[in-house]
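Let me begin by presenting the structure, written as C-alpha cells, before commenting on it.
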Amino acid sequence: MADFKPGDPTRPPESALTRRDFIKGVIAAGAVSSTGYLLRASQLGAQVSAPESVERLVTLTVNGQQRHVDVMKQETLLVTLRYKLGLTGSKMGCDRSECGACTVLIDDVPHYSCSVLTHTVRGKNIQTIEGLASADGTLHPVQQGVIDEQGFQCAFCMPGFLMATVGFLKTNPNPTRAKLAHGISGNLCRCQDYDKILAAMMKGAENLRKVNHV
C-alpha cells in the first residue's frame, strides 16, 4: 500500500463516503439484483413447458361441471377448490391429512383433498359439499339428517363428515352405528361432539334409504 504524505499532489482525495451512504448503496444494489432475478423468473415462466412437464392449464369435472383452471404442478386439490374455484365448503384444517375437514369425493371415494395433487384428478369426477344438494335446493338426505338431529356444534368439520358419510353409504347403505363410526373415523371434531355427529349421520343414512327405497 502506497505511503502518501500530506500535500502530495498524487494523494487521492479523502473519501466522503459515510457508513449510511455505504448501507444505502448495498440496499440499492440488492434491489436491482432482486428485480433482475424476478424478471428472469417471469420470463422463464412464460416459456413453453417442456415435453414431459406437467401442463398447468387443466380441465376438472367438479360437481358435474367442467372447470378450466391454471394450477401449479405441486398444487393440492384443496387449494384449487378453495382459492381458484371459490368452493370454500371444503375446509383447510390441519393441511396434512389428519383431520378430514377437507374431504371430497373423487369417483365416489372419499379423499383428503389437502393431500391430492390437482393434476392427478383430471378425467375424474370430483364432488364437494357444494354439490350435494339438488339443483332445486333440496338438501341431500344426509344433510337433512344434520338438521333433524342438530348434529354439530361449531360445524367447521361438518363438510368433511358429510362427504365421508356419503361416500361410506355408497358401499354400505345400511350400516350399524359401530360400522358407520369406524367408516368415518378418519374425520376429527375439535368440539368433540362425536355422539351427536354420529346420531346425525345415522339419521342421514335412514333418510337416504327412504329416498332410495332400500
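The values are calculated or read from the model by the stated rules, or taken from the named source; none is laboratory data. Owing to the predicted nature of the structure, the values given are computational and were not obtained by experimental measurement. Cβ sites come from the backbone with ideal geometry, for glycine too, and all protein chains shown count toward neighbours. What goes into the accessible areas is simple: the full protein's heavy atoms, side chains included, and nothing from ligands, DNA or RNA. Shrake-Rupley method; radii C 1.70, N 1.55, O 1.52, S 1.80 Å.
Tabulated values for the structure
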{"item": "So Gly145, is it in contact (Cβ under 8 Å) with a residue 40 or more places away in the chain and either open to solvent by 60 Å² or more (accessible area, probe 1.4 Å) or closer than 27 Å to Ala205 by Cβ (or both)", "result": "yes"}
{"item": "Hits in the stretch 187-214 - residues which are within 22 Å of Leu81 (Cβ to Cβ), of a type outside the set (A, V, I, L, M, F, W, C) and buried (at least 16 other Cβ atoms within 10 Å of the Cβ)", "result": "Asn187"}
{"item": "Residues being open to solvent by 40 Å² or more (accessible area, probe 1.4 Å) and in contact (Cβ under 8 Å) with a residue 60 or more places away in the chain - total across the stretch 148-167", "result": "1"}
{"item": "Looking only at the stretch 81-102, and only at residues there that are part of a loop (DSSP other than H, G, I, E, B) and hydrophobic (A, V, I, L, M, F, W, C), the one that is surrounded by the fewest Cβ atoms within 10 Å (Cβ to Cβ)", "result": "Cys94"}
{"item": "Enumeration of residues in the stretch 177-197 that are under 26 Å from the mean Cα position of the chain (by Cα) and either on the phi > 0 side of the Ramachandran plot or in a helix (DSSP H, G or I) (or both)", "result": "Ala181, His182, Gly183, Gln192, Tyr194, Ile197"}
{"item": "Filter pass, Asn174 being touching a Phe, Trp or Tyr at 6+ places or on another chain (Cβ under 7 Å), part of a loop (DSSP other than H, G, I, E, B) and at pLDDT 95 or above", "result": "no"}
{"item": "Filtered residues of the stretch 135-169 (kept if within 20 Å of Gly64 (Cβ to Cβ), in a loop (DSSP other than H, G, I, E, B), among the hydrophobic types (A, V, I, L, M, F, W, C) and modelled with pLDDT of 95 or more)", "result": "Leu139"}
{"item": "Residues located in the stretch 98-128, provided they are hydrophobic (A, V, I, L, M, F, W, C) and in contact with a strand residue (DSSP E or B) (Cβ under 8 Å, 6 or more places away or on another chain)", "result": "Cys102, Val104, Leu105, Ile106, Cys114, Val116, Leu117, Val121, Ile126"}
{"item": "All positions within the stretch 124-142 that are touching a residue at least 12 places away in the same chain (Cβ under 8 Å) and of a type outside the set (D, E, K, R)", "result": "Asn125, Ile126, Gln127, Thr128, Ile129, Gly131, Leu132, His140, Pro141, Val142"}
{"item": "Set Leu78, Leu105: member being assigned to a helix (DSSP H, G or I), closer than 25 Å to Gly183 by Cα, open to solvent by less than 70 Å² (accessible area, probe 1.4 Å) and of a type in the set (A, V, I, L, M, F, W, C)", "result": "Leu78"}
